[in-house]
Structures are given as C-alpha cells and as structure tokens.
2 protein chains.
Amino acid sequence: MGNADYVYPSTNEYRQCAHPVAVPPPQPFFKSFKNSLKETFFPDDPLRQFKNKTPSRKFFLGLQYFLPILEWGPRYTFQFLKSDLISGITIASLAIPQGISYAKLANLPPILGLYSSFIPPLIYAMMGSSRDLAVGTVAVASLLIGSMLGDEVNATENPALYLHLAFTATFFAGLLQASLGLLRLGFIVDFLSHATIVGFMGGAATVVILQQLKGILGLQHFTQSTDIISVLRSVFSQIHEWRWESGVLGAVFLFFLLLSRYFSKKRPKFFWISAMAPLTTVILGSLLVYLTHAEKHGVDVIGNLKKGLNPPSFGDFVFTSPYLTTAVKTGMITGIIALAEGIAVGRSFAMFKHYNIDGNKEMVAIGTMNIVGSCFSCYLTTGPFSRSAVNFNAGCKTAMSNVVMAIAVMFTLLFLTPLFHYTPLVVLSAIIISAMLGLIDYEAAIHLWKVDKFDFVVCMGAYIGVVFASVEVGLVIAVAISVLRLLLFVARPKTFVLGNLPNSTIYRSVEQYPTTNDVPGILILQIDAPIYFANSSYLRERISRWIDEEEDKLKSTGETSLQYVIFNMSAVGNIDTSGISMLEEVKKITDRRGLKLVLANPGAEVMKKLNKSKFIETIGKEWIYLTVGEAVEACNYKLHTCKPDATNEDSQPWNNV
Amino acid sequence: MGNADYVYPSTNEYRQCAHPVAVPPPQPFFKSFKNSLKETFFPDDPLRQFKNKTPSRKFFLGLQYFLPILEWGPRYTFQFLKSDLISGITIASLAIPQGISYAKLANLPPILGLYSSFIPPLIYAMMGSSRDLAVGTVAVASLLIGSMLGDEVNATENPALYLHLAFTATFFAGLLQASLGLLRLGFIVDFLSHATIVGFMGGAATVVILQQLKGILGLQHFTQSTDIISVLRSVFSQIHEWRWESGVLGAVFLFFLLLSRYFSKKRPKFFWISAMAPLTTVILGSLLVYLTHAEKHGVDVIGNLKKGLNPPSFGDFVFTSPYLTTAVKTGMITGIIALAEGIAVGRSFAMFKHYNIDGNKEMVAIGTMNIVGSCFSCYLTTGPFSRSAVNFNAGCKTAMSNVVMAIAVMFTLLFLTPLFHYTPLVVLSAIIISAMLGLIDYEAAIHLWKVDKFDFVVCMGAYIGVVFASVEVGLVIAVAISVLRLLLFVARPKTFVLGNLPNSTIYRSVEQYPTTNDVPGILILQIDAPIYFANSSYLRERISRWIDEEEDKLKSTGETSLQYVIFNMSAVGNIDTSGISMLEEVKKITDRRGLKLVLANPGAEVMKKLNKSKFIETIGKEWIYLTVGEAVEACNYKLHTCKPDATNEDSQPWNNV
C-alpha cells in the first residue's frame, strides 16, 4: 500500500476525489428475506445441479439424490467387489462380538446386537453418501439407552416393556435424525463442537470401562448409577464377592487385545490382526469355557441365542404408555449423539479420500436406517469410528462392504448362533474395554489446552460432567459452556486502539504491532464484533473509558488535546436498534466533550441501518470515511486548518461520576 | 489512500519492505486470564479513582461509592431544596392513588401501596446514583406478582399466606438485584433488549388494561388467567352482570384523565395537571360516592385503611413452606423485570441531564431498598417511568425529592387514610388504564419495523406472547428470539466477495460498492464473524461454493483460470480449534484443486492461535499479508512471473458430489 500519492485539494471538499461510503442499493423485503433463508438453510445450494434440466432428468437426479446407490451402482466393477468383499468380511468379524457386547451394555438381549448389524447396513448402503462408513451399534449410545431407560423401567424385572421402549426410542431417534436432515437443520449437530465431543467421548469411555468392572470381577449386584463414585463404591464395598477366575480370564484377554491393537498401530499393514482379535478372543474364550466347564465355576456365559433373522417389531412400539416421554427423550438425546458421531466419522474419511459428503443427506440416510431398523428388532445404529476405520484400512471402495457385512451377519444369525452359547461375558467386557481405551483421546485434550484454553474448559466440562454426574449432565455442561462462549464473544467484544504503521497509511492494533505510532489529537478505536443489545451498554462504558484514559494520558504528557474519535467499523458485521441508540448516545457524549465522532468503513448491513435510522444525518455524511487512513487524513487536514466545528459549543465538561 | 507508491523489487522477496503480520507478544496465562476477567466484569474500571490515595481517603471514597448521599449531601443548597420540595409533593400526589391501584392489581391490601412508597424511597435517596428516579411500585411487576402467586395460593381464601409469600418474593427479588450488582453481573439485564422491553411493556399494559374491565364493569367473578382470550370470554359471558353505574363513572374519569394527559403533552409547562389529575379524580370520586351513597348501588369502594406506619414483616417470611420455590421464582422474574425498568429509566434521564449512572451501583441500591422494604411490609418497588418523568418535569434536583415524597406519604399514613374509605375502585381502574395507555409505544414498534426487521419480530414475539399466553411466556419468547439472533450471527456468518475500487488499492464488498472491479485469477473473500465450532461446517461448505461459482463463472466467460483464494480476516475476531480444523480442511481442498490459499490481516487473537496450532507453518508465513492490497499485489506479481507452487501437483480435480 505505502503512502497515498494524491494531494488533498485545499478546500474543505476534498472528499469528492475519494470513494464515498456506499449505502447498498435497497432490496425488496421479500427478496432479502428469501436470500437470508437460503443462506441459513441451503448454504451448499443443493438445487444447483437441477438447473436447466428436463423434468425426467430432474426426477432421476432427485432419485439419485436420495438413493446415491443409483449413482455409483452402474459404475460398480468387479475390482471394487473384490475390495469390498475383503473389507466387508473383516468388519463382520468385528461387528459380531462388538454387537453382542454393546447390546449387553444397553441391558438388551445380546441377539439384538446381531439384528442391528443386519438391516440398517442394507438401508445405509442404498441411501448413504459415505463410501467408508461401517454401520453398527455404538458403545456410548448403548450405555445411554441403558441408563436413561433403566431409570424408568428395570430391564430384568420387566424385560418386555424395556425392549419395547428401546425400539420406540430408536424409532424417535430415527425420526429426529431424518427430520433434521429434511428440514435442513443439520447445523444443530455443529453445536457439539470438536472439544465437546473429545471430552464427552472420553468421559463416556471412562464410564463404560468402569461398568465393565462388573463383568471382569464377576459381580452379581451392581449399582444402577453410572457416575464414578457410585461405581467405585459398589465395587469396593463387595471385595469379598470378587471372582478371581473371571478376573484372570478378563485380564489375559484384555492384554491380548491391547497387544494386537498396539501391533496394528505400529504396522498399519497388519490392521487385520486387531480387526480379527475380538472374534479370536470370542472363539478362544468359548472353547476354553466349553472344555473346562468354567461356566459352573463362576464364569458367566451368554447362554442361548435364538436362531433366525430379525423378527418384525413395529407392533411393539409404545406410543400410549406413561413411558412415552421417556422413550422420546431417550430417542432425542441418543439420536443427536449418534448422529454427531456418524457425521463426523463420514466427514473425516471423505476428507481423507478427497470426496465430499452432504451432511443433510447423511442425516436422512442414518435416520431412515434407524426408523426401518426399529421396525425389525434393531436398536440405535450409526457409523462407529472404530469399525469405519477398520473398513477404511481394509480397503473398502463403496458402501457395498456394508452389504457384505450384513450378509455375513445374516449367515451367522441363520446358522452360527449356537456357537456363542459358551462365550464368557468377561470376554465381551475385555472387548469393550479395549475398544473404549482408544476413545480416551488425551492427546487431543493436551492440544486443546495448548491452542485454546476455552475449548479445553469445554472439553473438561464434558468429561467431568459425564464421569462424575451422568452422560446427559456432561453434555448439557459442555453445550452450555460452548454457547456461553459465543454469547460472551458478542456480549464483551474486544475494542482496541489503532496506531499508524510507520511509512504507510495502514492503521493496526497497537498491541499486536508495537511499532505503530500514535496520531496526535485523534483516538482510533476498533470494535471487533457486531453491535447488538447484548453489548451496547458495555460498549458505551468501554468507549467512555477509552476516551477518559486517552485524555488522562494526553493531559499527563501535555500533548495536543484530543479532538477526534474515529471508530473503525470494519469488523462490525451488523447492528440492531439498541446498537444504534448506543451510537447516538456516544455521539452525544463526544459532542458534550467537544470531540468529533468519525466512522470508518461501515459495512453494507450497518450502513443500511444507519441510513434508515437517520443516524447518518445525525453524524453527518461527511464524517463517514471509506478507510481509517482517509478519516485520519481528513481529521489532520481540519486539525491544522480550522478548529473542529463542535455542534454543542456551550457544553460543560462531562461530569464523570 | 490512493495507489501505493513503492515498486516491488524484482526478486521473490519483496515482502521485506512491507510490514509483516505480527503474532502478538506471548503473555503469561494468568495475566491474560486476569485481563479477560477485568474486561468482562469491570469494563468501567470502578477502582480507578482509588489509585494512589491514602487508606482513610480510600475508606471514605468506598463509603461514598455505596452511599452517594455522602457525595452530594454536603453540596446540597437551599435552592435545591426548593425544587425538590415541589417535585416531591407532586410525585407524592401521584404515588398515593397509583400505589393503592397497583396494590389492588397484585391482589394485595391497598395499604401496601402506601407502605411501599414510604420506606424504599428513603433507602434509595441514600444509595441511588440517579437524581431523577422516583421510587415506587409498578403495574407490570404488580400484575406478575398477582398472577404468579395467584397460581399457587388464592388471595381471597388465604390472604395471610399470600401476603407473606409476596414479602418473601420481594425479599428474594431484592437479594437477586443486589447480588447481580455486587457480582458485577449487571449485563444479564442487557439481554432484555430495547425491542424486548417495548414489546413486553406494550403487552403487559394491554393485559393490565384488560384486567381493569373487571373494575370498570363492576364484575364480581373474573377469570384468574391474564391472556386476552380468557379475559374477553369472562367479560362477554356475563354481559347481564355489567353494572352501568360503575361503567359510566369509570368512562367519565378515564376521559378526564386522558384529557389532562393530552393537555400536558401539548403544553409541557402544565405537566402538573396530568400529575395532579389522579389525586383529583380520587378526591372527586370519593366525594361523589360519599354524597350519593353510591357504594350501596353497585359501586365498590376501598373501605377501611388501617392508620399508622409500616408494621415490621421480617417475621412473616416463608422460608420453609412448600411454596418457597414459588416465592423464589416470582422474586427472580419480577426482580429482573423491575431492575430492567429501573436501570433503563435512570439511564435515560442521566443521558438527558448529562450525568452518568453506574448500573451495578444502581442494582445494589434497588436491591437493598427491596430487601429492607420486604422487612417492613413493602412489596416490590423500582423506578417507574411515569413517576420519574413527572419528577423530572417538576424540576427535581437530587434524590431528596424521594425523601419529600416519603414524608408526604408518611403524613398520609398517619392521618389521612380514613379519607380513602369512599374512594370507588372504578377510579383506581381508570387511573391504571390511563397510565397503561402511555406504555403501549406503537411508534417505537413502527420504528423497529423500519430499521430492523429482526428487532420487530422480537418485539412482536414479546407482545403476542404476553397478550395471548402469559407474561412469562412473552418474556421467554422475546429473550429466546434475541439470543437466537446472536447465535445465528455466529452460526451463519456473512461471507462476501471483495473487488478493487477503481484507482486505489482498496478492496471492498462487490455488493456494497457496485463500481468495484474483479481481479483476474484471484478470488477475495471476506468472512464477517469469528470462526467458531458453530459456523465452521457452514463456512467450509460456503467457501467451497464460492470457489465453485467463481470457477464456473470464469469457465463460462473463458477468462484466466482461478489461481489464488484470499481470505480477508479483518472481521474475524477470534477462532477456536474447530475453526482451525476448518481452515486446515479448506487448505487441503484448495491444494487439491491447485489453488493457493492466502490470508490477509488476521488479528491478534487469530494469529496467536494459528501460531500455536502450527497452521502458520502449514499455510506458509509468506502467504499471510497485512492487507488485501498487499496480498493481491503479491499474487499478481507471482501470477505474471511464475506458476503458483501448488504443493499437491498430482491432485485430481475435486470430485464435487
């Protein structure tokens, strides 16, 4: 930029040669309203591809939009199938033991874990836009279903009602997810920030691991609460009940699983070792129990699993019972959390492989698979990170790997369920613990602390809330702190003094650029947020204080007295009527003190509203400049040719209480 | 500004002559934390005056801080006293009938209205910093107390409990108000924006007027609800019960009151006419009833009022009953609303008379007067607008006018209460209606519609909520819409394309300045809000769409292909870890498409975090410029001397689904 190279004419009207600050051309109300709606709900402009197409083409594109399989299906090759077969079988071997384990975590019959890995993946394969997402149940949502429904209905005393409530909750979760997608309200998921999810996942993983102490130690009685204090009290109050057989078995299997994870992490080529490890422990554990008859010596086993495919369950929904609100509430909370995980996982892998997924479309797909799933004895599913990572590492090419997994699970349901009779529960606990340890991402928490302390507080709020109170409390704390941060940004905007960078007409923050020079007689303030009702009182006080401090400083050094106050409005994105009142009050204050108020670079929205509220006339159009540089030069010019024309000559000194 | 006048050296390292973008000097965590706390809670720096003073002087200044009477008392003159005497007597003549009317509105004994105009004004005179505020009860808070407590306890069936709950609620309201002030949390009141208050006051006034139909029509049975539908149904379902005597009397007095208001508005010198009118109607009405014995013909009268000063009531607080939560809730809501009115009124008159009031100090004063008041049979008081305006017009000089009013009320309590025996209730209704009509500020609503549609929606939300549901619902709706607006500002930030203003190095919004020129091969985007978790997904999609649209446009016109994307970060006040991830993803997207990402003018906070998260290294320090102008010149320079050094040469075209 450098120094400006034009000379101001010696009259007062040099502004003619500069660009005036424009009030944007007025728009009819409905056009601007439509534009705002579009920007709010359709930022990705999903209808762009439909432009200028024939109706039949439009219909086909619309069908493709909701069923992406129509898009990639015709291009599917044998090469793809080979990759998808391998990855599909790999994730099936993970899905079967994990499915059973997580169903136990939700206090549901273990077979539901298998059912849930059959129908939903088929739906997702047709509707989903991610190529890497592997569908299945997740630990956190399972735990949440268990604890939220368990508060109302005891799963062991009234298993049928509990089961029906789980289906109903899944139905509402799906309904919510699909509606969010259809209504383009996907941004609600964005309010679960990365920091919230790190803390929340870590906390939930901790809670899930603590719950496994029951299985590992072979305890019969256990607290219903999930907080760390109740659980540890429950564990240590019954030391005499601990079963060493169960404990040793659990520790051995856990060690084996962690070892395989560690090995696979070191050598990514051998990802299949950690992928196969759970199934291997299940087989080894079952064999061991079968051969030693350990089930008679304190090692609990799964027991009978019913053969056969998913029975229909749409007759089981509980829409009229007094428990409906519980089901709806559980569905809402677990649905949102499952959605956030599914979307985040899909997005991460899409970023890796350089393709794009549409959040709202994903929501419709995940929602539909849960609605259909809930009609066929499935409970809440989404795209778990661990399984999707295995899918990705196994080289999946399309969502077809989900179909392969579903077929493998179907085969298991039809023929292999008796084999799980002797599977010890302690193995399932070991599988869960090993999976959960990967979710405690302490490195991410350290990174948050380093980069952004506030995000760290959000993360810790979620973690501590989940671990010491409950999953819902943790979530509420984290979201509340996050939203508080947004509100605080607006309620307490940064204001700072600008100075002149040497040898330029550029004005920047004095704090950020210590080499800047003061401009004698002129105070330049930058306001770093929109001026809204929430900050207008604050800004009035803070601006008064800036002026006080500047005058005190000038008085103590005996320099030129203050004559002009320039507001750099570049960062003021919007203003409301309270903000305009604030500016009017500030104008009165400056007038009274014999100062001239000058605005620099107000944006389109701000100019529009200043114009409508006649504030431009109050301040005078000639006191609004395009840049801070121009404003300063104009002030300097007037400062050296004439006194500022204070409108309020008889003003008394401002009585600052 | 004009054209830059320095020539870039012909090597690649011309950046040496420009100012580099500075990362602000690192600050120790606790220092920056302390600074943030100070900016958040002490924006007005209240301790500034205590600096460099002796301890005894500090103590006296501290005492003065909490008791401003110590400051203005010594300077009080006889001249002041004369003015304050006149204004004090004027507001007393308004306070007595209004106090009785509003107490009826709260379903409390009428005498409480007089008690409440005796003790609280004395406290305020010592502690308040406003010179114009006239203390007393207000209609809206009275109505709210009536409806909120009335939901739990019937005032006619259980008057003692109801009365005690009212004192308890007042106590908690005062406690909340004083705590907000002491904890420097006054900004909570700012969340009641001007638009909210206009709508809320209008709605409350409408509801209060509707309630007066009972008194005017002399109805015996009336609905407990306050919404317009219940009230109108209640009124029109008992047409045969309407008393014409009462109706005619009410209409006549209302007409007289409105006429006096109209006259005083036309001729501000005769403000005392409208100030005296209520007392005149009370006297005329009472005389009329006394002479005609109308109380025996369907005109209800106040009846006996107990002689004597406020009895103590601190023994009556209900801290243990099951109704405690009701009292606390009522206290909180009415306390906040009363506080908002008091602060706003104090601030407006201070602005008029060019002095300054301290919001937090006011809160402590108002809170203390309610705590003390609740111990002496007073209910909730604040600084009503109407009474303060009369005070101001009557020429009050200091808070001494409140003392004069209190003495006049004391005199009334001691000697004159029997005179109110024959005062007809219909006169009180007429007084309330006439006062309430002034609160329906339709002109302000029209102004909101003209200047800011969103504020208008907030205002209407409050109005409709109050009128059709209840006062609390209206308040919740308005605050929710207001907060939604703040969140929406962050969640859906404006992004716009910048262009070059002819004959300058200034870049401004293409929409606001239609004369700007495109820069070939370069897309300049401005992001108009902080980049937070709530908008990072949106920004990623929106930025991708800007790039798509720009490439489509360039393709269709066959111009130079896109090479650089410049983000103007001037208006990005802050960034969190989700925002940094978003920038990293955008960097990957641009790399893949063979574009170069350039940042212009990131602020101190943003640079700090980009530095800590190593994003500066990812993007390259040489791609961050101080101004958009510099960035464009650097890009132009490279564009014409060499191809951009895309880091990802083997990138495939971005697969845009």
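Look at the alpha carbon pairs under 8 Å that are at least 6 residues apart: their mean separation over the length of chain B gives a relative contact order of 21 percent. The solvent-accessible area of B:R261, taken with every protein chain present and a 1.4 Å probe, is close to 80 Å². Net length available on complete extension from B:E443 to B:V473 is 8.4 nm, with 0.36 nm assigned per residue and the Cα-Cα distance removed. Computed on the Cα trace of chain A, the radius of gyration divided by the Kirkwood hydrodynamic radius gives Rg/Rh = 1.11. P(r) for segment A:493-641: what percent of alpha-carbon pairs falls in each 10 Å bin, starting at zero? Over segment A:493-641, the share of Cα pairs per 10 Å bin runs 11, 44, 36, 8, 0 percent.
Modelled label positions at B:F29 and B:S230, each set 7 Å beyond Cα in the direction of Cβ, lie 5.4 nm from each other.
Over segment B:129-183, what percent of the accessible surface lies on carbon and sulfur atoms, probe 1.4 Å? Here carbon and sulfur together make up 57 percent of the probe-accessible area. Efficiency by 1/(1 + (r/R0)^6): what FRET value for A:L219 and A:L414, r their Cβ-Cβ distance, R0 = 41 Å, to the nearest 0.05? The formula returns an efficiency of 0.75 here.
The share of accessible area on segment A:493-641 that comes from carbon and sulfur is 48 percent, using a 1.4 angstrom probe. Compared with the direct C-alpha span, the chain from B:S179 to B:F256 gains 23.4 nm at full extension, assuming 0.36 nm per residue.
Taking the inverse of the average 1/r across all pairs of different Cα atoms in the protein assembly as shown, what Kirkwood radius in Å do you get? By the Kirkwood definition, the hydrodynamic radius is 35.2 Å. Under the convention that each Lys and Arg Cβ holds +1 and each Asp and Glu Cβ holds -1, the size of the dipole of chain B around its Cα centre is about 1820 debye. Over segment A:132-173, accessible surface divided per residue gives 26 Å², non-protein components excluded, 1.4 Å probe. In terms of overall dimensions, segment B:255-321 has a Cα radius of gyration and Dmax of 18.8, 54 angstrom. Only protein heavy atoms count here, probed at 1.4 Å, and on that basis chains A and B bury about 9500 Å² of accessible area in total. Note on A:358-365: average number of Cβ atoms from other chains within 10 Å of each residue's Cβ is 1.
Counting only Cβ charges, +1 for Lys and Arg and -1 for Asp and Glu, the dipole size of the protein assembly as shown around its Cα centre is about 100 debye. In this label model, B:S56 and B:H297 are separated by 7.4 nm, measuring between points 7 Å along each Cα→Cβ vector. Measuring against 28 Å, Cα to Cα, the residue pairs A:K588/B:K453; A:K621/B:K494; A:K34/B:K609; B:K553/B:K608; A:K38/B:K453 contain A:K34/B:K609; B:K553/B:K608 as the ones spanning a longer distance. Each of B:R243, B:R387, A:R267 has its accessible area taken with a 1.4 Å probe; listed largest first, they run A:R267, B:R243, B:R387.
At a threshold of 40 Å², the residues of segment B:591-621 that become less accessible to a 1.4 Å probe in the full protein assembly than in their chain on its own are B:R592, B:K609, B:K612. Projected onto the charge dipole of segment A:493-641 (+1 at Lys/Arg Cβ, -1 at Asp/Glu Cβ, origin at the Cα centre), which of A:N611, A:V519, A:S504 gives the Cα projection farthest towards the positive end? The residue sitting most towards the positive pole is A:N611. Take the Cβ atoms of B:I188 and B:K453, set R0 to 25 Å, and the FRET efficiency comes out at 0.45. For segment A:47-119, the equivalent ellipsoid derived from the alpha-carbon gyration tensor has semi-axes of 38, 19, 8 Å in decreasing order.
Averaged over peptide B:577-583, the number of partner chain Cβ atoms lying within 10 Å of each residue's Cβ comes to 5.
Give me the Debye-computed log₁₀ of I(q)/I(0) at q = 0.21, 0.29 Å⁻¹ for segment A:191-262, equal point scatterers on Cα only, no solvent, two decimals. Ignoring solvent entirely, the Cα scatterers give -0.95, -1.20. Normalised per residue, the accessible area of segment A:493-641 is 30 Å², obtained with a 1.4 Å probe and no contribution from ligands, DNA or RNA. For the segment B:123-131, counting C-beta atoms of other chains within 10 Å of every residue's C-beta and taking the mean gives 0. Element breakdown for segment A:269-326 at a 1.4 angstrom probe: carbon and sulfur atoms account for 67% of the accessible area.
Taking the chain by itself as reference, segment A:183-214 contains these residues with an accessible-area loss of 20 Å² or more in the full protein complex (1.4 Å probe, heavy atoms): A:F187, A:D190, A:F191, A:S193, A:H194. Geometric descriptor of segment B:139-280, per residue, is 174 Å³ (volume of the convex hull of the Cα atoms).
Taking every alpha-carbon pair under 8 Å whose residues sit at least 6 apart, segment A:493-641 reaches a relative contact order of 23 percent. Burial of accessible area (probe 1.4 Å, heavy atoms of protein chains only) in segment B:424-470, relative to its chain alone, reaches at least 30 Å² for B:V451, B:D452, B:K453, B:D455. Placing +1 on the Cβ of every Lys and Arg and -1 on the Cβ of every Asp and Glu, with no other charges, gives segment A:295-409 a dipole of roughly 220 debye about its Cα centre. The 1.4 Å probe gives accessible areas that order A:K553, A:K450, largest first, as A:K450, A:K553.
Suppose R0 equals 51 Å. What FRET efficiency, 1/(1 + (r/R0)^6) with r the Cβ-Cβ distance, do A:K265 and B:F66 give to the nearest 0.05? It comes out at approximately 0.20.
Spin-label pair A:S561-A:N503: with each label point 7 Å from Cα along the Cα-Cβ axis, the two points sit 3.7 nm from one another.
The values are calculated or read from the model by the stated rules, or taken from the named source; none is laboratory data. All values reported here derive from a predicted model rather than from experimental measurement. Using ideal geometry, Cβ is built from the backbone for each residue, glycine included, and neighbour counts are taken over all protein chains shown. Keep in mind that these areas ignore ligands, DNA and RNA; they rest on the heavy atoms of the full protein, side chains included. Shrake-Rupley method; radii C 1.70, N 1.55, O 1.52, S 1.80 Å.
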